[in-house]
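Read-outs: derived from the displayed coordinates by stated rules, not from any lab. Just so we're clear, the structure is a prediction, and the values are computed from it rather than from any experiment. With ideal geometry, Cβ positions are generated from the backbone for all residues, glycine too; neighbour counts draw on all protein chains shown.
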Amino acid sequence: MRRRLAALAAAIPLIAIASNAHAAPSDPIGDLIVSALTGSAPGSPGYKLKATLYHAGAKGVGALDSLGCKVVAMRTAAIDKNLIPRRTVLFIKETVGLPMPDGSKHDGYWYASDVGGAIKGERIDLYTGNGKGSMKPMMPLNLSRLTVTKVGQFKGCPPK
């Protein structure tokens, strides 16, 4: 059963991207899929994490994440690896519908591939892109508590 759920979890981001579908915050089908993947009751989040934002060009921010992979705008998340393992696919429902750099809408999927010295415990740092201006669409979420659910694992580097 766990293998089947893991395989389904790995496929969900691909299905969502390929079909242009996403689990909107009020989408009961999406809630059921996420709850089936995580083993939690529908509507119950895995975590409520305090969000901060980071961007290329800020002091201490490099072009690579802690896995040695290129950081990806609106996809890379820095986490406390003691709380959430690196290489975890995350679903953050509050980011569904936000504008992506290519003009599309965010599907809510992020990749835990980075860590940071200040990211300890129930915190998450979301990479917004190049320059301070890239943070503008995300500013309403800065310092708020986001609903973060682990929905799978990825190998290698996160998809772009």
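Of the set (1) touching a Lys or Arg at 6+ places or on another chain (Cβ under 7 Å); (2) among the hydrophobic types (A, V, I, L, M, F, W, C); (3) under 15 Å from Lys48 (Cβ atoms), all apply to Phe154 but (3). Out of all the residues in region 138-158, which are in contact with a strand residue (DSSP E or B) (Cβ under 8 Å, 6 or more places away or on another chain) and either in a loop (DSSP other than H, G, I, E, B) or surrounded by fewer than 17 Cβ atoms within 10 Å (Cβ to Cβ) (or both)? Of everything in region 138-158, those that are in contact with a strand residue (DSSP E or B) (Cβ under 8 Å, 6 or more places away or on another chain) and either in a loop (DSSP other than H, G, I, E, B) or surrounded by fewer than 17 Cβ atoms within 10 Å (Cβ to Cβ) (or both) turn out to be Met139, Asn142, Leu143, Ser144, Arg145, Gln153, Phe154, Cys157, Pro158. Inclusion of Asp102 among residues that are surrounded by 21 or more Cβ atoms within 10 Å (Cβ to Cβ) and of a type in the set (Asp, Glu) is not warranted.
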